[in-house]
Amino acid sequence: MAKVIYKLGDDISTDIIYPGRYMATVLPTETPQYAFDDIKELNKQLNSEKTDEVRVIVAGKNFGCGSSREQAASCLKGHNLTIVARDFARIFLQNSINLGLQTVICPEIEAEVGDELEITTDKVINKTQGKQFEVVHLPKARQAIVDAGGLIPYTQKLLKQRMGIE
Amino acid sequence: MGQTMVQKILARATGRASVEVGEVLEPAVDIAMSHENAALVMNQFQEIFAGLGRPAKVWNPNRIAIIFDHRVPAESKKTATNQKKVRAFIAEQGITKFHDIRGDEGGICHQILPENGYVLPGYVVVGTDSHTTTHGALGAFSFGIGATEMAAVWALGNILNVEVPETIKVVVEGELPKYVMPKDIILHLIGKISAEGANFKVLEFHGSTIRKMSMSGRLTLCNMAVEAGATSGIVPPDEETVRFLRQEAGVTGEIEMLAPDEDAHYCQTIEINVSELTPQIACPHTVDNVKPISEVEGLSIDQIVIGSCTNGRLDDLEVAADILRGKKVARGVRMLVFPASYKIYQQALELGYINDLVKAGAVVMNPGCGPCLGVHQGALGDKEVALATTNRNFKGRMGNPESEVYLCSPAVAAASALTGMITNPQKGGF
């Protein structure tokens, strides 16, 4: 079961997710502290709560628009978040897939803070509201990266083939 | 079925006769560009090889470009240390297209690549920066990627899992009125189709206005294609492309004049007539919140910014200098100017533009990205308003979520500097 901890609107930019002033910080182990730094209550909640529960942020259209900064994906991945959005900007979605951040494309999603969600490969079921919403699957080629555990293991596999390493 | 520009480029980069929209390909990369975030790319690159037990070696050191521009000269010990590590990596790998913090050859990556002739028509260019769309102005398929994707490119020489995108044909006709600039065309287009109107698609520019437009203007158009969500913008190469590459970028080798087929399939065609277009302003806090200047004229401004990879080229500085020459920036307004490269800076010095701007009261900064994205100088105070020729006005973009950023052309920025409020340069006196 997953719980909605925050709800955001359309066009949430990478400047909101990971402000430019922290771009000198690059390592995935160091970026989570700055996630949503300009939405103080959310940043505080992410950094103070310790939980094994799956935490979901629900957003509107074009989540992750703007910069290609990969910190915007790694900072959310570090908090073990799942992002359910109506759709995503291209580079952000690709970065998320490459790093293994859970992203769910759900064009009709309706959910409020506190709602309990069940997320399957085909549907997001909002248990609290008794509604369910279709999920748009990732393109096949991107799913292959997810299945490999991210782009680093995927690239390692390709390199091994090229170099003839068993 | 005919092929669009990007289909033709991807076919060539995969050794095929043609490719279909939606196919997933692994095209060979001609230029792989990074800036300071090469520090993260290096980290991921080394992790890939750490798991293989083989020495980490880039696929081709001549096809990787690294340009320091985001925080130059370094604003913190963290940045300085990262830059130092990247320099060591560049030396170790023998990477040739490196532009360090230097007054002779430094600048913003999206100006350095074109002016050094690193990008040719038909190339596949990837960069760890969303404004990599810029290089489509030269007839390349050029797009932004993440750092881990770039690490895979450095290792393999291919960009993985590229889905052949659909293309929107944008046809621009008409003569631009005085003080209406390429920036106004692209702002108008983004306002029309929205910030996600071209998501996962390519904007291919056509029409008599584009044919007459200089490379500088084309770079501005393609630079901001990403603000409509586009994977890339692209202008089919023509005489102006060749002129720029030969005369300004020093290219001596063959230039391939790739063109889309007559019967290429476009998912949408957008026609724009610019003969009656007025200056456009993108209002806070999204780039698609675009209004004609008449709706925001008179709004009080605290800081004017002219520069960036969008509008920091010589013709941008020229229009600003022409408007400000012999006059004064209004009291209470700070005016910051940062040329897109040192080459442009030097040309602007020789032509006297820098002198005109400084005498008028502008602060001329070194080429770099800093003020545009609030990472290095030029931050705004609470409740302050900036009017900038840069490319984004997202909340917090210039370093303060309690401030507002409006986007405009260099002509509007310069005219507004004189009055301290959003001013239409067409209204005379300049």
What are the pairs with Cβ atoms under 6 angstrom where one residue, in segment B:299-312, is of a type in the set (D, E, K, R) and the other, located anywhere, is assigned to a loop (DSSP other than H, G, I, E, B)? Sequence gap at least six, or different chains.
B:Asp302/B:Glu384
Of the conditions (1) touching a residue at least 24 places away in the same chain (Cβ under 8 Å); (2) in contact with a Ser or Thr (Cβ under 7 Å, 6 or more places away or on another chain); (3) within 14 Å of chain B (Cβ to nearest Cβ); (4) not hydroxyl-bearing (Ser, Thr, Tyr), the single one that A:Glu116 does not satisfy is (3)
Please tell me if B:Val58 is within 9 Å of chain A (Cβ to nearest Cβ) and surrounded by fewer than 24 Cβ atoms within 10 Å (Cβ to Cβ).
no
For segment A:126-134, indicate whether the set of residues that are in contact with a Leu (Cβ under 9 Å, 6 or more places away or on another chain), part of a strand (DSSP E or B) and either surrounded by fewer than 19 Cβ atoms within 10 Å (Cβ to Cβ) or not aromatic (Phe, Trp, Tyr) (or both) is non-empty.
yes
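Yes/no matrix, rows are residues, columns are (1) under 15 Å from B:Ala414 (Cα atoms); (2) of a type in the set (Phe, Trp, Tyr); (3) out of contact with any Gly (no Cβ under 9 Å at 6 or more places or on another chain):
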site	(1), (2), (3)
B:Glu276	no, no, no
B:Pro284	no, no, yes
B:Gly298	yes, no, yes
B:Ile306	yes, no, no
B:Val319	yes, no, yes
B:Ile323	yes, no, yes
Quick one: count up the residues across segment A:37-87 that are at the interface with chain B (Cβ under 9 Å from one of its Cβ atoms) and at positive phi.
2
If you go through segment A:120-137 one residue at a time, do you hit one that is at pLDDT below 95 and either within 26 Å of B:Gly127 (Cα to Cα) or within 14 Å of chain B (Cβ to nearest Cβ) (or both)?
yes
Qualifying positions in segment B:388-406 - in contact with an Asp or Glu (Cβ under 9 Å, 6 or more places away or on another chain) and more than 13 Å from chain A (Cβ to nearest Cβ):
B:Thr389, B:Glu404
Filter segment B:92-122 for residues that are closer than 20 Å to B:Val41 by Cβ and in contact with a Leu (Cβ under 9 Å, 6 or more places away or on another chain); which is surrounded by the most Cβ atoms within 10 Å (Cβ to Cβ)?
B:His110
Looking only at residues in segment A:57-88 that are out of contact with any helix residue (DSSP H, G or I) (no Cβ under 8 Å at 6 or more places or on another chain) and in a loop (DSSP other than H, G, I, E, B), which one is surrounded by the most Cβ atoms within 10 Å (Cβ to Cβ)?
A:Asn62
Could you list, in sequence order, all residues of segment A:12-26 that are touching a residue at least 40 places away in the same chain (Cβ under 8 Å) and either in contact with a helix residue (DSSP H, G or I) (Cβ under 6 Å, 6 or more places away or on another chain) or part of a loop (DSSP other than H, G, I, E, B) (or both)?
A:Ile12, A:Thr14, A:Ile17, A:Tyr18, A:Gly20, A:Tyr22, A:Met23, A:Thr25, A:Val26
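To keep it simple, each residue is scored yes or no on (1) surrounded by fewer than 24 Cβ atoms within 10 Å (Cβ to Cβ); (2) hydroxyl-bearing (Ser, Thr, Tyr); (3) touching a strand residue (DSSP E or B) at 6+ places or on another chain (Cβ under 8 Å).
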{"site": "B:His285", "(1), (2), (3)": "yes, no, yes"}
{"site": "B:Asp302", "(1), (2), (3)": "yes, no, yes"}
{"site": "B:Arg313", "(1), (2), (3)": "no, no, no"}
{"site": "B:Val358", "(1), (2), (3)": "yes, no, yes"}
{"site": "B:Pro367", "(1), (2), (3)": "no, no, yes"}
Tell me yes or no: at least one residue of segment A:95-109 is more than 16 Å from the chain's Cα centre (by Cα) and either more than 9 Å from every other protein chain (Cβ to nearest Cβ) or part of a loop (DSSP other than H, G, I, E, B) (or both).
yes
The correct count of residues that are hydrophobic (A, V, I, L, M, F, W, C), over 11 Å from B:Ala38 (Cα atoms) and either within 13 Å of chain A (Cβ to nearest Cβ) or part of a loop (DSSP other than H, G, I, E, B) (or both) in segment B:74-95 is 3
Quick check on segment A:8-42: of everything there that is out of contact with any Phe, Trp or Tyr (no Cβ under 6 Å at 6 or more places or on another chain) and of a type in the set (S, T, N, Q), which residue is nearest to B:Arg392 (Cα to Cα)?
A:Thr14
Would you confirm whether or not segment B:344-352 contains a residue that is out of contact with any Lys or Arg (no Cβ under 6 Å at 6 or more places or on another chain), among the hydrophobic types (A, V, I, L, M, F, W, C), over 19 Å from B:Met421 (Cβ atoms) and surrounded by fewer than 17 Cβ atoms within 10 Å (Cβ to Cβ)?
yes
Consider segment B:167-180. How many of its residues are crowded, with 19+ Cβ neighbours inside 10 Å and either part of a helix (DSSP H, G or I) or of a type in the set (D, E, K, R) (or both)?
1
Could you tell me whether any residue of segment A:139-154 is more than 14 Å from chain B (Cβ to nearest Cβ) and among the aromatic types (Phe, Trp, Tyr)?
no
Condition set facing chain B (nearest Cβ under 7 Å) and of a type outside the set (Val, Ile, Thr), scope segment A:155-166, selection surrounded by the most Cβ atoms within 10 Å (Cβ to Cβ): answer is A:Gln156
Residue count, segment B:125-183, condition of a type in the set (Val, Ile, Thr), facing chain A (nearest Cβ under 9 Å) and more than 18 Å from A:Thr14 (Cβ to Cβ), comes to 1
How many residues does segment B:276-312 hold that are out of contact with any helix residue (DSSP H, G or I) (no Cβ under 7 Å at 6 or more places or on another chain) and over 19 Å from B:Arg218 (Cβ atoms)?
17
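The values are calculated or read from the model by the stated rules, or taken from the named source; none is laboratory data. As the structure is a prediction and not an experimental result, all values here were calculated from the model. Counting neighbours? That spans all protein chains shown, and the Cβs are built from the backbone with ideal geometry, glycine included.
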